[in-house]
4 protein chains.
Amino acid sequence: MKVGVVGASGFTGGELCRLVSAHPEFDLVTATSREYANKTVGSVHPNLRGLDLRFSHPDDLDDLDVLFVAAPHGVTMEHVEEYRDIADLVVDLSADFRLDSEEQYDEWYDGHSAPDHIPDGVYALPELHREELAGANLIASGGCNATATILGLKPLADAGILDGADVTVDVKVGSSEGGAGGGAASSHPERSGVVRPYAPTGHRHEAEIEQELGVQVGFTAHAVDMTRGAAATCHVYPEEVPGTGDLWQAFRECYEDEPFVRLVAGSGGVYRYPEPKAVAGTNYADVGFELDERNGRVVVFSAIDNMMKGSAGQAVHAANVALGIDEQAGLEFDGLHPVGAP
Amino acid sequence: MKVGVVGASGFTGGELCRLVSAHPEFDLVTATSREYANKTVGSVHPNLRGLDLRFSHPDDLDDLDVLFVAAPHGVTMEHVEEYRDIADLVVDLSADFRLDSEEQYDEWYDGHSAPDHIPDGVYALPELHREELAGANLIASGGCNATATILGLKPLADAGILDGADVTVDVKVGSSEGGAGGGAASSHPERSGVVRPYAPTGHRHEAEIEQELGVQVGFTAHAVDMTRGAAATCHVYPEEVPGTGDLWQAFRECYEDEPFVRLVAGSGGVYRYPEPKAVAGTNYADVGFELDERNGRVVVFSAIDNMMKGSAGQAVHAANVALGIDEQAGLEFDGLHPVGAP
Amino acid sequence: MKVGVVGASGFTGGELCRLVSAHPEFDLVTATSREYANKTVGSVHPNLRGLDLRFSHPDDLDDLDVLFVAAPHGVTMEHVEEYRDIADLVVDLSADFRLDSEEQYDEWYDGHSAPDHIPDGVYALPELHREELAGANLIASGGCNATATILGLKPLADAGILDGADVTVDVKVGSSEGGAGGGAASSHPERSGVVRPYAPTGHRHEAEIEQELGVQVGFTAHAVDMTRGAAATCHVYPEEVPGTGDLWQAFRECYEDEPFVRLVAGSGGVYRYPEPKAVAGTNYADVGFELDERNGRVVVFSAIDNMMKGSAGQAVHAANVALGIDEQAGLEFDGLHPVGAP
Amino acid sequence: MKVGVVGASGFTGGELCRLVSAHPEFDLVTATSREYANKTVGSVHPNLRGLDLRFSHPDDLDDLDVLFVAAPHGVTMEHVEEYRDIADLVVDLSADFRLDSEEQYDEWYDGHSAPDHIPDGVYALPELHREELAGANLIASGGCNATATILGLKPLADAGILDGADVTVDVKVGSSEGGAGGGAASSHPERSGVVRPYAPTGHRHEAEIEQELGVQVGFTAHAVDMTRGAAATCHVYPEEVPGTGDLWQAFRECYEDEPFVRLVAGSGGVYRYPEPKAVAGTNYADVGFELDERNGRVVVFSAIDNMMKGSAGQAVHAANVALGIDEQAGLEFDGLHPVGAP
């Protein structure tokens, strides 16, 4: 299948190039970059030095089977007619088509310029929308912090444990979330070693979480010293505190057949809980929990690679489902150990 | 004044040696280490290469004015008679004398072997116990995570905002908290780049927080990739949500005369909230907050250096108060900028 | 093919498990660990959580097609008869069979207990020994620092530029080189942020470099803050200084057909020279150079992942060659961008 | 004394503000920043949150006793008349007045606009120019990489061991060297975890090294993952190889009375050689060496904090000498242990 990537010189776009070029069913034919047009993809993404492809100009898109768009919020909605005309399947990685209604969009972002297409957008997580994804032709890949949170809380939502519960989500994210280029705040001397509150209140991913799970959460994100990764710690105070067995059942029922969610419950050793570095470079979401009986609290941990399960990997996974090919195609990498701060 | 440090080859002990040796009123005469007896202090702590002092054996303690004890939990209670005999002022950095009653101690730790001395112990934070510290002769320096949390929440406690509030505390800590030596979990390949849940429930610092503030908190700590530092993010859901002005007033009233607490409320720039790296090496606690009206939540941020305000600095500060000398003596270092991951 | 890994709970052993389990021609049937026998491989290597295999005891080895041995120096020589009896192909990752003669071995290490097998050992780098590897049944995977150096300098050796040249090699390596477990020096608080001279003189990898290239080098290694990676900076002062064109020709002739060596000569952008993080997780060696006319010096840069091209990846590559299967089988991963400090 | 800092919002300027404001003889009255004029110094440098001073415009300089200029290369030469008019002592931290002659300057930089002042400039290192500094009124603080190299090699130069020796210097530097702001190359995702060749040939600090020591060196710098710090590894091949005793004598004679140079020769433990993190935040240069008899090589290690001994600390030290006050005034900080990647 002929596949293109718009916004290919950015971090997420580069990750898509990596995944598409190694995908058994995909052929990466186009990678656009306004700034780097005519330069090799490998000149920007050093891992792809061996790839024989140059960036093309975003205005020069030909017919494609699949188009991934890794552009800033607002770009896809402007070009959505054109993109859908060019490609049978458009997978957008911005927020443009994540929310189900124009009203929701307007509440959290600025006005939407292509509201007619909103109903066609399917939220990309197969763990929640596998059936709607089959045959979809407009897919909206979720936000990385929202993805980590949603996957952590979904078992509790399905089991009714979130009904009436108070939920606080404290997320720790890596610097790739800020994108390439960066200003003073993301310069190495300022950004390294941080535990820096980031969007401590009013984070727009709250909208996705509420839409997908039906629960309102107090959400705060922190930048920490890693490049890739998002870890959501969800502090849940249910109306009625479940037992550990109930919790295990809820998580198992939710995820036992999911190829990209791993339940983590180490009884010993170093890696007893989900950690983002254990999933770096992979499409896995590792989830686990601990019961705090003293405080009537369930603490859920969810760890993903924000560049993979949190964006590019999720997008490819959803495309695989939409196209009816092997869900795991192109996403088999198991990650590294040991690994520092990917 | 003649000052000694027990447990001087550990991280906290080394920090005490650094502070005491540079203190204008203190003379570091004894630094004990069973393992490194007769070696120079600088052979273990490379920052103290210029210090002309060798570790002595802990059994060879002479009379002192002040004795700081940086030993594992349980050591001070075993030797408390001897220590108090030797020194006019004993400052203990373990948990042995932090809790006000033997009952409390037994609930969170194993049995106490010197309960008669418990009533003499004063919790070290001058921001809470300045009057009791004056003239004290047994001081218990607080836990680092507890200290960060207590200093963040105290303004809300004083203003009554914590009464009936639900409170979740999510702490991020550096690797020095684990102490020198370390096993597999703290080896560099395993420990670097982590966001690792650490004591996700049942953390013993909850006892100190409850004792000092009268509030029960859902507490979870995470190891992150820094050596020094503890950052507490306190998610507070008050019964009645205060306004931003009320919050400012609460924080100002609490801390406007405190030499080691800085209110952080940047309106722009990189450093708008408290961050541990901005206080690394210093005795400051930086505190700040944000109001989340949508969720009825006050998010309080508190950042300290776990080795300083979280242990050795707090201990020296308390000793200064107890001895009636300048509170800031020996604690004037302002920290560095830029600084990576201290 | 039935493949086993001895020493599978260590870092290199875990990397072998990862590569073998994902290899299209290999079937990982045995992974031994004395310490973790009967525990799952994923309990030690969190990236392999999905792998359905438990460590077995090293005494319980059955017949295999290929046996990879990732044990400390000295183990393989003790068991070499047994290993070669069990498996058609033994690939050893220690130094036991790297040097061509017992005399060389004795000069740099302690006495060899199986000198009769030394002549059978083939040094693993296919870039130097592809023909001898075909059909070999005892392969010695090289040292990581030696590998980086040898691959950097080989083009100059082949072109005669090293004849009579003075060569200094300054290597920077990650913490995984120290292996799992680690003591005080490799604990996170001590090891993070370092530029620490490590084996500044007399490094035993000098022996391999001299054997493979016929040149004696002044060699110094430094530990730096990454987990994976080895970067060799080779300062070469040739008797006659070549031109840049000559150098390009030398590097191209040497490596134009090599699947795992990439010449790096960026004319702009961030990644203009070889860097270990650009090859993390991959089997690539990135090499490049710069001519210093003022000082009559050629500076060669060579970057590898010490766990991959520097050990486990090199071992699998060599096994592929020895077995006559696709050289790149199981080694296709292209690496990540961005990536922090893998 | 009334002291001002030009360029005070940059990293070096901020470090000068920190040192001057805590200096017992200095009074920081002016800190200029075109970009941040009227904002508090603490809004840019979070460690100085407690400092009651706002940036002023660089055109509004009043009379001063001492003026430190931390501006890009070329600024001081343009304003040198004005600066020397305003202040009795001008300490420049750029390269403008480091080289002794206009010819030298033109060879390594672009044309000099104030050559008449070149003869007045004294190179700041007191270890080399203590006598000339006494009473100087124009001081040129050296480059950080040059400083590390010069202090490492000076004992060998004084002892005649450098005469006719071949010298290669391989430097590892932190990200603060790149200054505040930064572009893509210094953004955290690209810059973290690197071992990145930086100015591999033709580095302009070679000029200073040659001027101060009379030896031409093959010089290559690498960016590594730390914020502060410069470590020079000097590979010296003397015509006649000295013994270890000779080397010790050379180093002792050179530095035994120097307050800011420490000889490091640990016989055990973690910190046996100079390392930048052990001097972070301090004005120390730690130097040490190892003899490589096999290769006829002396390996010298020199570690400094590039922001301190490599710029701001060196500048204050030189000013102290020039002004006839206690050399160590304001530079007493001993550094931290443990410390991550400052």
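Overview of results
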quantity	calculated
Any chance C:T168 is within 28 Å of C:T201 (Cα to Cα), touching a Gly at 6+ places or on another chain (Cβ under 6 Å) and part of a helix (DSSP H, G or I)	no
Looking only at segment B:256-273, and only at residues there that are over 23 Å from B:A329 (Cβ atoms) and among the β-branched types (V, I, T), the one that is nearest to the other protein chains (Cβ to nearest Cβ)	B:V270
Candidates A:Y284, A:Y271, filtered to the one that is more than 29 Å from B:P342 (Cα to Cα), surrounded by 24 or more Cβ atoms within 10 Å (Cβ to Cβ), in contact with a helix residue (DSSP H, G or I) (Cβ under 7 Å, 6 or more places away or on another chain) and not acidic (D, E)	A:Y284
Segment D:214-229 - residue that is more than 14 Å from chain B (Cβ to nearest Cβ) and in contact (Cβ under 8 Å) with a residue 60 or more places away in the chain and, of those, farthest from C:K277 (Cα to Cα)	D:V215
Residues being facing another protein chain (nearest Cβ under 9 Å) and either among the hydroxyl-bearing types (S, T, Y) or closer than 15 Å to D:R196 by Cβ (or both) - total across segment D:163-172	3
Matching residues in segment C:72-98 - criterion: being closer than 20 Å to C:N306 by Cβ and crowded, with 24+ Cβ neighbours inside 10 Å	C:T76, C:V91, C:D92, C:L93, C:A95, C:D96, C:F97, C:R98
Residue that is nearest to the other protein chains (Cβ to nearest Cβ), among those in segment A:274-316 that are in a helix (DSSP H, G or I) and of a type in the set (A, V, I, L, M)	A:A278
Residue list for segment D:171-196, restricted to those being assigned to a loop (DSSP other than H, G, I, E, B) and either farther than 24 Å from C:S175 by Cα or polar (S, T, N, Q) (or both)	D:G179, D:A180, D:G181, D:G182, D:G183, D:S192
All positions within segment B:166-206 that are out of contact with any Phe, Trp or Tyr (no Cβ under 6 Å at 6 or more places or on another chain) and either assigned by TED's automatic domain parsing to the domain that holds B:T12 or of a type in the set (A, V, I, L, M) (or both)	B:V167, B:V171, B:V173, B:A184, B:A185, B:V194, B:V195, B:A199
Flag for C:T30 being more than 26 Å from C:E332 (Cα to Cα), modelled with pLDDT of 95 or more and not basic (K, R)	no
Qualifying residue in segment D:153-164 (condition: at pLDDT 95 or above, part of a strand (DSSP E or B) and within 26 Å of D:L128 (Cα to Cα))	no
Among (1) without any contact (Cβ under 8 Å) to a residue 60 or more places away in the chain; (2) under 23 Å from B:G178 (Cα atoms); (3) part of a helix (DSSP H, G or I) - the single one B:E15 does not satisfy	(1)
The lone exception for C:L99 - which of (1) in contact with a Ser or Thr (Cβ under 9 Å, 6 or more places away or on another chain); (2) more than 14 Å from chain A (Cβ to nearest Cβ) it fails	(1)
Residues (in a loop (DSSP other than H, G, I, E, B) and closer than 18 Å to B:G50 by Cβ) located in segment B:1-12	B:A8, B:S9
Tally, over segment B:172-196, of residues that are at pLDDT 95 or above and either surrounded by fewer than 22 Cβ atoms within 10 Å (Cβ to Cβ) or on the phi > 0 side of the Ramachandran plot (or both)	1
Close pairs from segment C:165-189: first farther than 27 Å from B:G10 by Cβ, partner basic (K, R) and outside any loop (DSSP other than H, G, I, E, B), Cβ under 9 Å, at least 6 apart	C:T168/D:R297; C:K172/D:K172
Residue within segment C:127-139 that is within 14 Å of C:A318 (Cα to Cα), modelled with pLDDT under 95, out of contact with any strand residue (DSSP E or B) (no Cβ under 6 Å at 6 or more places or on another chain) and part of a loop (DSSP other than H, G, I, E, B) present	yes
Within segment D:54-71, considering residues that are under 22 Å from D:N320 (Cβ atoms) and charged (D, E, K, R), the one surrounded by the most Cβ atoms within 10 Å (Cβ to Cβ)	D:D65
Residues that are buried (at least 24 other Cβ atoms within 10 Å of the Cβ), assigned to a strand (DSSP E or B) and of a type in the set (G, A, S), drawn from segment D:222-244	D:A230, D:A231, D:A232
Residue check for A:I161: surrounded by fewer than 23 Cβ atoms within 10 Å (Cβ to Cβ) and touching a strand residue (DSSP E or B) at 6+ places or on another chain (Cβ under 8 Å)	yes
In segment D:278-304, the residues that are in contact (Cβ under 8 Å) with a residue 40 or more places away in the chain, in contact with a Pro (Cβ under 6 Å, 6 or more places away or on another chain) and under 24 Å from C:S187 (Cβ atoms)	D:A278, D:A280, D:F301, D:A303
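A quick yes/no check of all residues on (1) in a strand (DSSP E or B); (2) in contact (Cβ under 8 Å) with a residue 24 or more places away in the chain:
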site: D:A31; (1), (2): yes, yes
site: D:R34; (1), (2): no, yes
site: D:D52; (1), (2): no, no
site: D:P58; (1), (2): no, yes
site: D:D85; (1), (2): no, no
site: D:D96; (1), (2): no, yes
site: D:E107; (1), (2): no, yes
site: D:S113; (1), (2): no, yes
site: D:P119; (1), (2): no, no
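Here is a yes/no grid of residues against (1) under 16 Å from C:G313 (Cα atoms); (2) in the same structural domain as C:Q211 (by TED's automatic domain parsing); (3) within 18 Å of the chain's Cα centre (by Cα):
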residue	(1), (2), (3)
C:G14	yes, no, yes
C:F26	yes, no, no
C:H57	no, no, no
C:T76	no, no, yes
C:R98	no, no, yes
C:Q104	no, no, no
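The values are calculated or read from the model by the stated rules, or taken from the named source; none is laboratory data. For clarity, every value in this text was computed on a predicted model and none was experimentally measured. Positions of Cβ are backbone-derived with ideal geometry, glycine not excepted, and every protein chain shown enters the neighbour counts.
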